[in-house]
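Take a look at the structure set out below.
The values are calculated or read from the model by the stated rules, or taken from the named source; none is laboratory data. It should be emphasised that the depicted structure is a prediction, and the values quoted were computed from it without experimental measurement. As a convention, Cβ positions derive from the backbone with ideal geometry for all residues, glycine included, and neighbour counts pool all protein chains shown.
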Amino acid sequence: MEIRMSTRLVSLCAALAFGAAALTGCCGSDDTSAKETAAPSTAASSTAAAPLAFENAWVKAAEKGMTAAFGTLVNTTGADVTVVSAATPVSPMVELHEVTGSGGQTQMKEKEDGFVIPAGGELELKPGGYHIMLMGLKQKLEPGGEVVFTLTFKDGAKSDFTAVVKSFQGGNESYAPGH
């Protein structure tokens, strides 16, 4: 009985996906606004038409103040892609950051020219390196939750992705004012 129900569910999902794809193909328009506003499909993924995939996307859990998003930006095109900004409903101020220096002399600063991901390449966002900084959190981010982001590219295109919230103590970095 369980196998039949599972098979029916899979068949129903496949039929719905096929119907959605058929409807999208029938539009006959070059308007990309529908692609830009599409909801993210799963954690750590981006919209179908996006030039980037965001693999293993996650956000450090935080009660208030500041936190950051990490993962790997993968360029799925044959040309360099530049991410110039990011936004999320959970934070009024989001910046692209990098950590510079070494040892005890490191400094976090905004990457004003954005993140450049080479053609067919990737850029790892990680604690102590490149990251997406969230400041002035509007809500507590608890492990297991999800945060939706919108990336804006140099050409003005946008792409959404969802990152899972994780508890993280490694490096015990502090996202404090005056970073």
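Brief remarks on what is shown
- In the stretch 155-165, the residues that are surrounded by 14 or more Cβ atoms within 10 Å (Cβ to Cβ) and under 18 Å from LEU73 (Cβ atoms): ALA157, LYS158, SER159, ASP160, PHE161, THR162, ALA163, VAL164
- Pick from the stretch 81-96, criterion free of Cβ contacts under 8 Å to residues at least 60 places away in the same chain and closer than 17 Å to LYS111 by Cα, ranking: surrounded by the fewest Cβ atoms within 10 Å (Cβ to Cβ): MET93
Quick grid of which residues meet (1) assigned to a strand (DSSP E or B); (2) surrounded by 11 or more Cβ atoms within 10 Å (Cβ to Cβ):
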residue: VAL99; (1), (2): yes, yes
residue: GLN105; (1), (2): no, no
residue: LYS109; (1), (2): yes, yes
residue: ALA119; (1), (2): no, yes
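- Within the stretch 123-160, the set of residues being of a type in the set (Ser, Thr, Tyr) and in a strand (DSSP E or B) comprises THR150, THR152, SER159.
- Test result for SER33, at pLDDT below 95, surrounded by fewer than 11 Cβ atoms within 10 Å (Cβ to Cβ), among the hydroxyl-bearing types (Ser, Thr, Tyr) and within 30 Å of PRO127 (Cα to Cα): no
- Output for the stretch 58-97, where each listed residue is in a loop (DSSP other than H, G, I, E, B) and not aliphatic (A, V, I, L, M): GLU63, LYS64, GLY65, THR76, THR77, GLY78, ASP80, PRO89, PRO92
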